[in-house]
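**Student:** Below is a structure I'd like to ask you about.
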Amino acid sequence: MLFVPTVIVTVLAFAAVIRRLLGVRVGLVRALLAAVLALLVTAPILSAFAPDDPTTVGGGEAFLLGAASIVVAALLAMAALVVLEVLLPTGSLPGPVEAWKGARRRIERTRRYSTILRIALRHGLGRFLRGRPLPGPTSAAARRRLARSLRAALDEGGVTFVKIGQLLSTRRDLLPAEFADELTALQDRATPVAWPEIDAVLTAELGHPAGEVFRDIDREPLAAASVAQVHAARLLDGTEVVVKVQRPGIARIVERDLDILLRLADMLEDRTAWGRAFGVRGLATGFAAALREELDFTVERDNLRAMAAALAASPGRGVRVPAPHPGLGSERVLVMDRLPGTPLGAAAPLLARLDDERRAEIASGLLDSMLDQILVHGLFHVDLHPGNLLLDDDGSLGMLDLGSVGRIDAVTRTAIGRLLLAAGRGDSVAVTDALLQLLDRPDDVDERELQRMVGALIVRYASPASTVGVAAVTALLDTFTAHGLGVPPSVAAVFRAVTTLEGTLALVHPGFDLVGQARASAGRRIAGGLTPDNLRDALEQELSTILPMLRGLPRRIDRIGDALEHGRLRFNVRLFADDQDRRLVTGLLHQVLLTVIGATAGVMATLLLGTDGGPRVSTGVALFPLLGYGLLIVSAVLVLRVLVTVFRHD
């Protein structure tokens, strides 16, 4: 009856002693395995130590022999732990709980990969997954058929693939027109969710049936995007609104796809030089955080308020955002005023009725608004594709979908302004200085070579006749990669916003000079900041910061001079002031001391074991061998502690 509890208690006692003697944190599973090993070898060791005739062993000798057997068994278990640490370092294998969760995630990823493959095959894209180049479609009709298949596959693939399609739809410099036109449908015409599912979300989030909150609500969506769909409605007081409702179950799908994306980013950063240079892991983490923000509509509600305040501070751009109704919303439902207009992606007839000058004004106003957001307010829309803009009959624009916005600090805004101004002057040195302030730079960057490459880019892309904005950004990113410069997520969001905006501007006004207009707009902002009033305000702010330091400067100079005159000037340098340095040196000293003490104990043990004679503890046990075995145990424990510390990767 007591056998099993005794074994369990013995194993736990062995595990606690082994973990304590090694002096490092050993996983519970490893410690228990070592304890079981010690328990199994104790009996054979005791048999080896015992004399041939056990009846001659007294009570004291039996106790010593048992203690020695237990200690030797523990030493063997500790040695086995050290060997296991060498072969399988701690952390290289997950624990049982982590292994179970990891297996479930792998199964889900495998199912996801299988689903993606089936979607591609179902839409006739399997031939492009065979790993060898194939000729593309040669006619416009074939390109349209392939573009429709690609759009349908991306739409069926889910949020992540829809986001990719939305980005590609703005890259008319990379894709044929048939593909860009077809992928534009992903911006606001994703497959809608049936009304009963939407009605269930509204009831759950608003706490009341939709009929009790709205006078009427259109069951057919105005737009169906990858994360949510929008329905026109009318409040009880008659106010026209739109209701943005999150797709049911989208959060779980997003988390599954983000898990795949983050694993891929980790692999690219670990295995590729360009992945490390771009900081792919950080970019993927930023994208994941932005996508998770899009799933929380309270974040978009706050973004709408902040963007409305920013646009009000920069009037005359012809851009506005809808006002949210905070009392009617949650993390999955957002109610906003309804803005008039047509989605820009479907506004070709309206644009065709406008003359070239008016279209140029609309494009310039949109660009100026974006530059105001980036350079003045530090809050900007990162994804201004045509599906996120409404064009009204009067030419004004309404911005939608502010679930994810970019935010940059004042220092970054100043550096971006300096970058645009220096590019307008063709000053490669100033452009390089601004870039180095914006980016994460390595210690060994070749600034002179970077200046030459940047200068070549300025000559190529910043000339008055150049209109290739996206190509300029791509070439600039290639330059960063070549010099090992990392792009912080906030700066990457600016580049993404600019590249997306160029495709939108080209739709409003083909041939729009993004680089030239941005350079001129930045110059106007710099010139506007040099007015007497602005200079006086800036001077007052700088003086208010510097005056306290200037007021105390004479007193400090006097103290230094007095100490120098009387020989009391001393320099105090604190060695190992940093806590990490102290821990490093302390750890090294501990290992050295343990090694010296362990080696000394081993030598003394060898000498004592080789010494004949001496006093005796009992009839069969001499004192010197007993002390020798004790010192040998101490030596083995200390050496094992050093070895386990050396071989542990952390």
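**Student:** Between the stretch 487-503 and the stretch 351-383, how far is it from one alpha carbon centroid to the other, in angstrom?
**Tutor:** For the stretch 487-503 versus the stretch 351-383, the Cα centre distance is 15 Å.
**Student:** What trypsin sites (Lys or Arg not before Pro) in the stretch 330-398 are in a loop by DSSP, with at most 13 other Cβ atoms within 10 Å of the Cβ?
**Tutor:** On the way: sites: Arg332, Arg338, Arg353, Arg358, Arg359; in loops: Arg332, Arg338, Arg353.
The qualifying sites are Arg353.
**Student:** Further question on the same structure: When the Cα atoms of the stretch 332-439 are enclosed in a convex hull and the volume is divided per residue, what value in Å³ results? List each step's numbers first, then the result.
**Tutor:** Numbers: hull volume 14.3 nm³, N = 108.
Per residue, the Cα convex hull of the stretch 332-439 comes to 133 Å³.
**Student:** To continue, here is another question. So, counting K/R as plus one and D/E as minus one, what does the shell of residues with Cβ under 11 Å around Ala415 add up to? Spell out each step's value before the answer.
**Tutor:** Numbers: positive: Arg413, Arg418; negative: Asp409, Asp433.
Spelling it out: positives minus negatives among the neighbours equals 0.
**Student:** Cα-Cα pairs above 18 Å in the stretch 182-257: how many percent?
**Tutor:** The proportion of pairs with Cα distances above 18 Å equals 42 percent.
**Student:** Right, here's the next one. What are the extents of the Cα atoms of the stretch 247-365 along their three principal axes, in Å, largest first?
**Tutor:** 52, 40, 30
**Student:** Also, I was wondering about something else. Give me Rg/Rg_expected for the stretch 585-647, where Rg uses Cα atoms only and Rg_expected = 2.2 N^0.38 Å with N residues. Working shown, then result.
**Tutor:** Details: Rg = 14.4 Å, N = 63, 2.2 N^0.38 = 10.6 Å.
Computed over Cα atoms of the stretch 585-647, the ratio equals 1.36.
**Student:** Quick one: Karplus J couplings for the stretch 430-438, per residue in order, coefficients 6.51, -1.76, 1.60, θ = phi - 60°, nearest Hz, x for Gly and Pro?
**Tutor:** Each residue's phi maps through the Karplus curve to give 5, 4, 4, 4, 5, 5, 5, 6, 7 Hz.
Here, each number is a calculation from the coordinates, and none is a lab measurement. Source: prediction; values computed, not measured. Glycine gets a Cβ as well: all are built from the backbone with ideal geometry, and neighbour counts include every protein chain shown.
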